[in-house]
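What follows is a single structure, written as structure tokens, with notes after it.
Computed from the coordinates by the stated procedures, all read-outs in this text should not be read as laboratory data. Computed from a prediction, not measured in an experiment: that's the story for all the values here. Ideal geometry is used to build each Cβ from the backbone, glycine not excepted, and the neighbour counts take in all protein chains shown.
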Amino acid sequence: MTRPSGFFPGSLMSRHSRFLVSAALQVACGLVFSFDVVSEWHKFTTHTWVEAVGVVALVFGAGLSLREYYTLLQRNSRVEKSLNAATGAFQETIEQHFESWGLSTAERDVALLSIKGSSISEIAKMRATREGTIKAQNAGIYKKAGVSSRAELISLVIEDLVSGLDARAYDFPDADMETLARKPGSGLGLRRSQIS
């Protein structure tokens, strides 16, 4: 499921608003202090120096805050794009499996709900049918997929997603990478040539 552009969940929107209010207050305080320093410039005292240093510190802090906020917005944008890409890849992988297994439309719905973690009774309620029907459809799905349980079905789908991962990028403290690479179904996607 893709989110509309510019979509802010509730907590993020309130953080966004709070940051903008905070930034506006900093700017207002900076203007007030700057005006005060400029008005006292002709009789420069220790108090004026302290205010001038305070204005510089306020401007510097506000600049750092804005830079950090901009960096976080860019990071959130990249994370959202990556999440959308991963969601699309997962959906595509599921659809490819369903197609290759020759699942009917009803079986696809049941398999998807099953992969999402819904129980048989929940699936039956959502599809307005009996639990026995869902059990029979699950049995047909497992047979077509060549598995015997929901866990194996999920594992089969996820294995394709992680098959391209390089296991060397992860910390397997006591793992023998060559053994992992040869192990069928390890999902590590290592070829002998990748093992250093």
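Under 25 Å Cα-Cα from residue 125, which lysines qualify once same-chain neighbours fewer than 8 residues away are excluded? Candidates past the 8-residue exclusion: 116, 135, 143, 144. Going from the fewest other Cβ atoms within 10 Å to the most, the residues 16, 97 appear in the order 16, 97. Spin-label model, residue 72 to residue 163: label points 7 Å out along the Cα-to-beta-carbon direction sit 4.1 nm apart.
Each part gets one Cα centre, and for region 99-116 versus region 131-163 those centres are 9 Å apart. Here residue 118 and residue 27 are evaluated by their C-beta separation; at R0 = 45 Å the FRET efficiency comes out at 0.35. For residue 79 and residue 125, a Förster radius of 45 Å and the Cβ-Cβ distance give a FRET efficiency of 0.85, rounded to the nearest 0.05.
Potential lengthening of the chain between residue 43 and residue 148 amounts to 29.1 nm, from the contour at 0.36 nm per residue minus the alpha-carbon distance. Here 130, 108 are placed in order of increasing Cβ neighbour count within 10 Å, fewest first, which gives 130, 108. Under the simplified labelling scheme, the residue 59-residue 99 pair shows an inter-label distance of 6.0 nm, with each label point 7 Å from Cα along Cα→Cβ. Straightening the chain between residue 16 and residue 133 buys 37.3 nm, computed as 0.36 nm per residue apart minus the Cα-Cα spacing. Our estimate of slack between residue 87 and residue 50, defined as 0.36 nm per intervening residue step minus the Cα-Cα distance, is 7.9 nm.
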